[in-house]
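**Student:** Submitted below is the structure of interest, expressed as structure tokens.
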Amino acid sequence: MREPEAIKAIEKHGIVLAYPITGRPELPSLWSLAYPRSEMRWDWSSEADPRVAEIWHLRERLARGSRVVYAKWFRNRATFFSREVFQSVLGLLEAEGDLFEGLPSEASTILQVLDENSPRSMKEVRAEAGLHGKLNEKRFQQGVKALWTRLLIVGAGEVDDGAFPSLAIGSTALLFEDLWRSRREPNPEGTKRLDDALKRSPALTRELARSRKAVASRGRISNKQERP
């Protein structure tokens, strides 16, 4: 599957994973859309199906661009959103409460680093947030997960800063400023495509409910200060 085809598929389905989940055929993925009759097997040895790596590289190229939005959102898995659906999800989350209220201190620190300059490699963010080293790994991962859940950060390709490429992450407000600023505006197309995606998959519906609950439990929108 080439990038233009992948982008069209993501725009059609609204939310698309990079790889399929066993027992969840209703969840579209780049793999299932590119190879609908082939079962995917996780194998990175020399004898592995080369298509697994091809999807991995396609994921990185798509994340590096701005035609679609990449986040480790659904169960902390690589997830792509169409721009319209991403805007709609942001609007739903903000309608629940303050997206910034109640974030773990680690998440707030990480976001501050990314608000100053994005995108950054995970290694850079760890260092600047003071969360490097094995002792801080759990705190760092918890902070990043909280930001993924609220879609306050997005993926932006990879950076070669060690033995293996590191995911580059960035502030949503900086990398998708137009979607961030318009998150409160009516979005009929995005709402329709999101509704269609949720109807196809109860698992997506539950994941969105978890994200909304994470925001709602920390304060209603009527009590929050306005943010740009």
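A short reminder: the numbers here are calculations on the coordinates, not readings from a lab. Values in this document were obtained by computation on a predicted structure and should not be read as measured data. Glycine gets a Cβ as well: all are built from the backbone with ideal geometry, and neighbour counts include every protein chain shown.
**Student:** First measure r as the distance between the Cβ atoms of R77 and D161, then evaluate 1/(1 + (r/R0)^6) with R0 = 25 Å and state the FRET efficiency to the nearest 0.05. Please list the in-between numbers first.
**Tutor:** Numbers: r = 23 Å, r/R0 = 0.91.
So, using R0 = 25 Å, E works out to roughly 0.65.
**Student:** Going by amide H atoms built from the backbone, whose H comes under 5 Å of the H on G97, apart from near neighbours?
**Tutor:** Hits under the 5 Å cutoff: I221.
**Student:** While we're looking at this one, here's another question. For the chain, what does -39500 (n - 2.57) per DSSP helix run (n ≥ 4), summed and divided by total residues, give at 222 nm, in deg cm²/dmol to the nearest 500?
**Tutor:** Mean residue ellipticity, 222 nm, calculated: -15000 deg cm²/dmol.
**Student:** Moving on. Treating only the Cβ atoms of Lys and Arg (+1) and Asp and Glu (-1) as charged, compute the dipole magnitude of the chain about its Cα centre; round to the nearest 20 debye.
**Tutor:** Dipole about the Cα centre, nearest 20: 700 debye.
**Student:** Starting from the amide H of L17, placed 1.01 Å from N in the peptide plane, find each other amide H under 5 Å away whose residue is 5 or more places distant or on another chain.
**Tutor:** Answer set, sorted by chain and number: S29, L30, F80.
**Student:** Using θ = phi - 60° and the Karplus form 6.51 cos²θ - 1.76 cosθ + 1.60, what ³J(HN,Hα) does each residue of the stretch 46-53 get, whole Hz, x for Gly and Pro?
**Tutor:** 5, 9, 5, 5, x, 5, 5, 5
**Student:** Name the longest site-free stretch of the chain, where the excluded sites are GluC sites (Glu not before Pro) in a DSSP loop with no more than 14 other beta-carbon atoms within 10 Å. Mind showing how you got there, number by number?
**Tutor:** Details: sites that count: E26, E39, E47, E226.
Of all site-free stretches, the longest is 48-225.
**Student:** Please give the length that would be gained between Q142 and S108 if that part of the chain were fully extended, namely 0.36 nm times their separation in residues minus their C-alpha to C-alpha distance (nm, one decimal).
**Tutor:** 11.1 nm is the gain from fully extending Q142 to S108.
**Student:** Projecting each Cα onto the charge dipole of the stretch 106-159 (Lys/Arg +1, Asp/Glu -1 at the beta carbon, about the Cα centre), which of H132, L114, A156 comes out farthest on the positive side?
**Tutor:** H132
**Student:** Now for a separate question. Looking at the stretch 11-114, which trypsin sites (Lys or Arg not before Pro) are DSSP coil and have at most 11 other C-beta atoms within 10 Å of their C-beta?
**Tutor:** In loop regions of the stretch 11-114 (DSSP not H, G, I, E or B), the sparsely surrounded trypsin sites (Lys or Arg not before Pro) are R37, R41.
**Student:** Among H132, H57, H13, what is the fewest-to-most ranking by other Cβ atoms within 10 Å?
**Tutor:** In increasing order of surrounding Cβ atoms, one gets H57, H132, H13.
**Student:** Relative contact order (percent) for the stretch 101-223, with alpha-carbon contacts under 8 angstrom and 6 or more residues of separation? Please list the in-between numbers first.
**Tutor:** Numbers: 124 pairs, mean separation 32.5, N = 123.
It rounds to 26 percent for the stretch 101-223.
**Student:** Mind checking the full-extension length gain between R41 and R181? Use 0.36 nm per residue of separation minus the Cα-Cα distance, one decimal, nm.
**Tutor:** Stretched fully, the R41-R181 segment lengthens by 46.4 nm.
**Student:** Mind listing which trypsin sites (Lys or Arg not before Pro) in the stretch 135-200 are in a DSSP loop and have 16 or fewer other Cβ atoms within 10 Å?
**Tutor:** R184
**Student:** From the phi of every residue in the stretch 8-15, what ³J(HN,Hα) in whole Hz does the Karplus formula 6.51 cos²θ - 1.76 cosθ + 1.60 yield, where θ is phi - 60° and glycine or proline is x?
**Tutor:** Values, residue by residue: 4, 5, 5, 5, 5, 8, x, 9 Hz.
**Student:** Something else now. Can you give the % of DSSP beta bridges in the chain that are antiparallel, to the nearest 5?
**Tutor:** 95 percent
**Student:** Further question: How much length would be gained if the chain were fully extended between I21 and E189, taking 0.36 nm per residue of separation minus their Cα-Cα distance, in nm to one decimal?
**Tutor:** Contour length minus Cα-Cα distance gives 57.8 nm.
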